Amino acid sequence: MKTMLRRIALELAEHTPFTLVGAVIGIIIMVIIHFTNAPRDVSEALFYTFHPLHIVFSALVTTAMYKKQKKSRPWLIIIVGYTGSIGIATLSDAIIPYLGGSTLSIAMEFHLPFLETEIMPYIGIPAWIVVNAAAVIGIAIGYFKPTTKLPHMGHVLLSTWASLFSFIAFGVADLIPVLPFIFLFLFLAVWLPCCVSDIVYPLLWVRDKERD
């Protein structure tokens with residue numbers, strides 16, 4: 001248990017800088033979109049681009065981390081990879097932005113992308129198919145080529161931008177006056193959930209004596 005807590009603290013500290021960078025870049029993008037009056041469906045399309053990519057990286061790292069720590073049956077590895085990526089990516093990209101927007105009195109649409117039958121902009125495919133297919137792809141990569149370092153960094157950045165476009169695409173308000181608060185929610189929506197997904201969650205499936 002102590003070993004895992006030390007690792008969590010180390011990972012959180014290590015990923016603070018590029019989580020901050022990702023959030024700063026996200027805020028800059030938000031300002032550009034605001035002043036160029038980009039159509040809302042562009043932001044929605046970008047959300048449904050970054051969210052599945054986030055899930056691919058999340059599933060890859062979660063699966064790889066679990067497989068490295070414990071030799072297990074393929075079906076259990078698939079369960080860990082799927083629930084760890086879909087569950088926590090939904091929390092990070094959809095639920096926390098919704099709660100953040102509600103806290104700031106922004107009218108937000110509540111949505112769960114992995115269950116949505118709505119047709120995605122531009123590609124004409126139901127969201128649930130794309131999102132769940134992304135999890136399958138990430139699990140397959142993580143299973144056959146388990147690596148965690150670079151994918152985890154990509155996971156954090158993609159999660160930041162997915163959360164950002166969730167605010168823009170599904171929020172109805174002028175976001176510029178509340179940019180500092182959105183920055184805070186962006187940071188929190190990514191920093192803790194990503195480390196939980198990639199490190200804590202897969203290790204919870206491994207017994208203490210195997211972790212140590």
Using a Förster distance of 22 angstrom, determine the FRET efficiency expected from the C-beta separation of Phe110 and Ala38, and round it to 0.05. 0.45
Where chymotrypsin sites (Phe, Trp or Tyr not before Pro) fall in DSSP loop in the stretch 44-149, at most 14 other Cβ within 10 Å: Phe110, Tyr122
Testing the spin-label approximation: label points 7 Å from Cα along Cα→Cβ at Arg6 and Ile79. State their distance in nm. 3.1
Show me the trypsin sites (Lys or Arg not before Pro) within the stretch 42-132 that DSSP assigns to loop and that have at most 11 other Cβ atoms within 10 Å of their Cβ. Lys71
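How would you rank Leu112, Leu60, going from fewest to most other Cβ atoms within 10 Å of each one's own Cβ? If you can, show how the numbers build up before the last one.
Working: Leu112 13, Leu60 29.
By the 10 Å Cβ count, ascending, the order reads Leu112, Leu60.
Given N residues in the stretch 6-133, what is its alpha carbon radius of gyration divided by 2.2 N^0.38 Å?
That works out to 1.21 for the stretch 6-133.
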Per-residue ³J(HN,Hα) for the stretch 116-133, Karplus 6.51 cos²θ - 1.76 cosθ + 1.60, θ = phi - 60°, Hz, x for Gly and Pro: 6, 9, 4, 6, 6, x, 6, 9, x, 10, x, 4, 4, 5, 5, 5, 5, 5
Contour excess over end-to-end distance, with Cα ends at Asp174 and Leu20 and 0.36 nm allotted per residue: 53.2 nm
Taking neighbour Cβ counts within 10 Å as the exposure measure, how do Val21, Val190, Val178, Val131 sort from fewest upward? Val21, Val178, Val131, Val190
Apply the Karplus parameterisation 6.51 cos²θ - 1.76 cosθ + 1.60, with θ equal to phi minus 60°, to every residue of the stretch 21-26 and state each ³J(HN,Hα) to the nearest whole Hz, in sequence, with x for glycine and proline. 4, x, 5, 5, 4, x
In terms of modelled amide H atoms, which long-range or inter-chain residues lie less than 5 Å from the amide H of Glu116? Trp128
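Here, each number is a calculation from the coordinates, and none is a lab measurement. Only a predicted model underlies this, so the values are computations on that prediction, with no experimental measurement involved. Neighbour counts run over all protein chains shown; Cβ positions are idealised from the backbone, glycine included.
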